[in-house]
Amino acid sequence: MRILAIASIAVLALQPVTLAASKLKPEEVPEFRLRARVLKLGGQPSEGTAFSFGLAGVSGTAEGNQWSTEIKFGGPQADATLKGYPAMYMAGWPVVLRLTVPGAADPTLVEAELTFAETSGVVRLSGELFGPSLGILVWRDDQRRPQAATMAEYNHRYWNALAGVEIPAHMRPQQFPIIDRFIGGDDDRCAWQEGIEQLQRAGFNAIMLPPSRPIRDMLVKAGGRRTAWAVYNPPGYAFDFDPKVTSEAIGQWAQQQAKPYLEAGYARQDMAAFAMSDEPGWYYPSIFQSLQDNPAAMARFRRYLQQQRLQPAELGASRWEDVGPIGRSQAKDLPSRRQFYWTMRFFAHDSARHFAVCTRALEAEFYPGLPIFTNWNFFSGRLYVPGPVANNADKQNADAAMGGHDWLEFGRLRGGTMLWTEDWFADSKAYQWSFYCAKLRSAAIKGGVEFGGYVIPRTAGDRRDGIMQKGLSIVGSGGKAIKYFVFGPEYNFPGNCYSERAAVLPQMAEAHRMIGAAEDVLWPGKPPRSEVAILAPRSAEMWDAKEIAVPSQIQDATNNDLNRATVDYMAEVFDLYLALQHANVPVEFIDEDDLSPQGLKPYRVLYVTEPNIPAEGQQGIVDWVSVGGTLATVSGAGQADRYDEPCAVFSQATGFQERSRPRLLVADTRALQNVSNGTGKLGPFQAVGVRSTLTARVDSVAARFDDGSPAVAERAVGRGRVVHFAWMPGMSYWKSSRQVKDGLPVGFSNSLREWIIWPVRLANVSPPVTVNQPAVEAPMLASAQGIAVTLLNWTGEPLPEVQVEVQTARDFGRIESVRLGKLDFQSAHGRIRFVLPLESADIVTLHEGS
């Protein structure tokens, strides 16, 4: 399934799926004639050797170092070129051609002279080849004059953006893999050598390169050694349902990935990261057949059901042989709802299990702990999206849906050694990386692995420092790798690269410089475990839009706007997180498997938005509250169990009775109407989208709607307490922003933010770092080497003075800002305070030595 090959990162030959025919017409392409000659072959004089040159299907011949017969490039050649790759995916210039020299041996020195039909003068081209191909680009300039250059010469326009930018080798990050890809496109040593060197100048310490000994030698010559690679998917794509996908076959596949790199001269440890899968997902109901065709997989499916303590009778069958996968249209009663629910859960689980097997195979061939990742594009983390979304062929099937991995379950099963997603959003959403990182980090903790992410410079540049903030958000949140997707150049991998936006490179380099300056503390650092958690929805997904025969309202794959094409409780998760982020309250995510005394033990506050929660999980939450936890719920939370049966566990424990309501499909949160105003002890608010009818004791009402009915209720339950919002405070908070500053949303309601963080205050939770300015985020990493606080300014304007307070029992003798140098500070009663001006971002390190 390739729903968006725009994010595909496999080998250069993997062409994007979405066809966009070249906008150029053959008659626009300049006609020319070309002759070529070989001066040296394999480093030796070329006398006595016959050569046949090729260009766009036309050949020319030569003897020794003599000029070849003339190669003419006209209308027929232009027409054929524009119908091929990469022209078919490009919006315009340049036209990409390759002069081939069959039999070329490293090094081969080749020259060419190109003469355009409409101008006088000769364009001289040359290259030192380690293979048979010299790339030639043809285009028209702004005055429509024909131009030509080798790829190496053409690339200088990109390197001009790095003029004056030079991060010395000793100042570049040494531990964090900071990865990008250079796609040479031909076999010209100059193009590859300059590409590698220029990216390293910008602070990249691992260059994604093909397994070629000459290219590896160029990397070493430039002072590097680490590389990276990617494939589109492991054997079997997302499952091992194909009988040919055996453990032996997976082992051979892993060996095939490592072998060419070892043969090219790389050490196993030189592989800095390996992308094992890009944007995996699958379609229902077609995937059912693949499962049913494999007896071993069907046996595993039934074992999975048995592991859930189910019996055939509970699934409406008399024996296990009669139990198979079913879609939602067949979920008519409780037994069939059980069967549908666990069918969907099985596919996500079994795929994660398969990825774990493939991960272990790659580790065995490279080294244990190699960063192996699967790039997710289900940005809210859904495992089930109802309806015939994306490229599902079953457009009218009532069971049409799309499946994906459950991030937290995938982490728990160690489906990779590094969990991963991508942004593909503009810098105006740079703050959203914090949400991604919180989810990735929470999932990684469960499997004892790490996380990182793709930053997409192609969508960046709308804010000067936005891309820098993206990278620092990942690292400051505890991420241990960044890969940019992907330098290119664009003409070699159209639709995917940022070479045409090379102006963002200096800000990327600044992020790398800052990471390098603080790496001794950042790299070993881990975030303190948060005492505040949000329940990541899972069971509710299976019942979204159930009233609609063939729904299409929910999109998760490639939808990075978490307030569009979604459902209320899922948007609420992101928007609650945003308010907590603006208050600098770190958050972890838990899943329904954590709703036990052991799973909830680390937390003092839990936010719940999900309408469907397993009954035993709801009881686990109530038991946790009774011994001191603080639970915050919103309208509709916990109104049913995992099988969509009404559940009264919450209402019986809290005494709050809320009339059941259908969940709201949200096309755009900003378009939602105000459903009520309200006020209470923390100030006034506007509720958007939905509100509930709530029955609560008068002495437990903390806020009321303008009609006098309860809006926020709070009461003690055992030694803990419950706060219930009869509306969606997070969605309301998102809509409260009606201004933009430096591209960032600002002007959020202070009172709404206070309402949202009220449960944190009731629980007396104090963040490890506090700042005196809303919308300044300060994630902290701690280790024996010290503490690093990354300061991220989301206010949209420089702040002349930010007061920072760090909670720590340790004594520190030196505090430094990577931008300002040493800072004055005060230390007393387990708190360290300092003040500094803050532009877009900074990293402050605390060291025990003087």
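The values are calculated or read from the model by the stated rules, or taken from the named source; none is laboratory data. Here the structure is a predicted model, which is why all the values come from computation and not from measurement. Because the Cβ atoms are built from the backbone with ideal geometry, glycine has one as well, and the counts that use them run over all protein chains shown. Heavy atoms of the whole protein, side chains included, go into the accessibility calculation; ligands, DNA and RNA do not. Shrake-Rupley method; radii C 1.70, N 1.55, O 1.52, S 1.80 Å.
For this structure, a couple of remarks:
- Counted charge near Asn205, where neighbours are those whose Cβ lies closer than 11 Å (Asp, Glu -1; Lys, Arg +1): +1
- Taking 0.36 nm per residue of separation and subtracting the current Cα-Cα distance, fully stretching the chain between Lys221 and Val835 would add 216.6 nm.
- Each residue, Ala426 and Ala667, gets one label point 7 Å from its Cα in the Cβ direction; the gap between the two is 2.2 nm.
- Taking a sphere under 13 Å around the Cβ of Ala763 and counting the other residues whose Cβ falls inside, with K and R at +1 and D and E at -1, yields a net charge of +2.
- Extension gain, Arg213 to Arg761: 0.36 nm times the residue separation minus the Cα-Cα distance gives 191.3 nm.
- Rounded accessible area per residue of the chain, 1.4 Å, Å²: 36 Å²
- Rough spin-label spacing in nm, given labels placed 7 Å along Cα→Cβ, for Ile548 and Ser660: 2.1 nm
- For Phe705, the residues whose amide H sits under 5 Å from its own are Ala711, ignoring neighbours fewer than 5 places away on the same chain, with H placed 1.01 Å from N.
- Gap separating the Cα centres of region 219-258 and region 504-559, nearest whole Å: 26 Å
- Where His156, His170, His349 fall by accessible area, highest first, once all protein chains stay in place (1.4 Å): His170, His156, His349
- For region 107-231, DSSP calls about 75 percent of its internal beta bridges antiparallel.
- Efficiency of FRET from Cβ geometry, Gln307 and Ser626, R₀ 25 Å, rounded to 0.05: 0.25
- Fraction of beta bridges assigned by DSSP in the chain that are antiparallel (%, nearest 5): 70 percent
- Net charge of neighbours whose Cβ lies under 12 Å from the Cβ of Val835, counting Lys and Arg as +1 and Asp and Glu as -1: -2
- By the helix-only formula, in which each DSSP H run with n ≥ 4 contributes -39500 (n - 2.57) and the sum is divided by residues, the chain has a 222 nm mean residue ellipticity of -7500 deg cm²/dmol.
- Sites Glu321 and Ala615, calculated FRET efficiency, Cβ-Cβ separation with R0 30 Å, nearest 0.05: 0.55
- When a 1.4 Å probe is rolled over the protein heavy atoms, the share of accessible surface on the chain that falls to carbon and sulfur comes to 49 percent.
- Gyration tensor verdict on region 485-627 (Cα atoms; rounded if a/c is under 1.5, prolate if a/b is larger than b/c, oblate otherwise): oblate
- Region 287-429 shape via C-alpha gyration tensor axes, a/c threshold 1.5: oblate
- Taking 0.36 nm per residue of separation and subtracting the current Cα-Cα distance, fully stretching the chain between Lys72 and Ala503 would add 151.5 nm.
- Area accessible to solvent at Glu63, 1.4 Å probe radius, in Å²: 110 Å²
- Point-to-point label distance, Lys83-Ala267, nm (Cα→Cβ direction, 7 Å offset): 5.1 nm
- Asp462 - accessible surface, heavy atoms, 1.4 Å probe, Å² rounded to 10: 80 Å²
- In Å², nearest 10: area of Arg458 left accessible to a 1.4 Å probe: 70 Å²
- Over 19 Å (Cα to Cα) - which of Lys446/Lys601; Lys480/Lys741; Lys741/Lys822; Lys23/Lys83; Lys429/Lys480 fall in this group: Lys480/Lys741; Lys741/Lys822; Lys429/Lys480
- Label point of Ala249 set 7 angstrom out along Cα-Cβ; within region 351-389, amide nitrogens under 15 Å from it belong to 354-355, 358.
- Global form of region 716-812, assessed from the alpha-carbon gyration tensor, a/c cut-off 1.5: oblate
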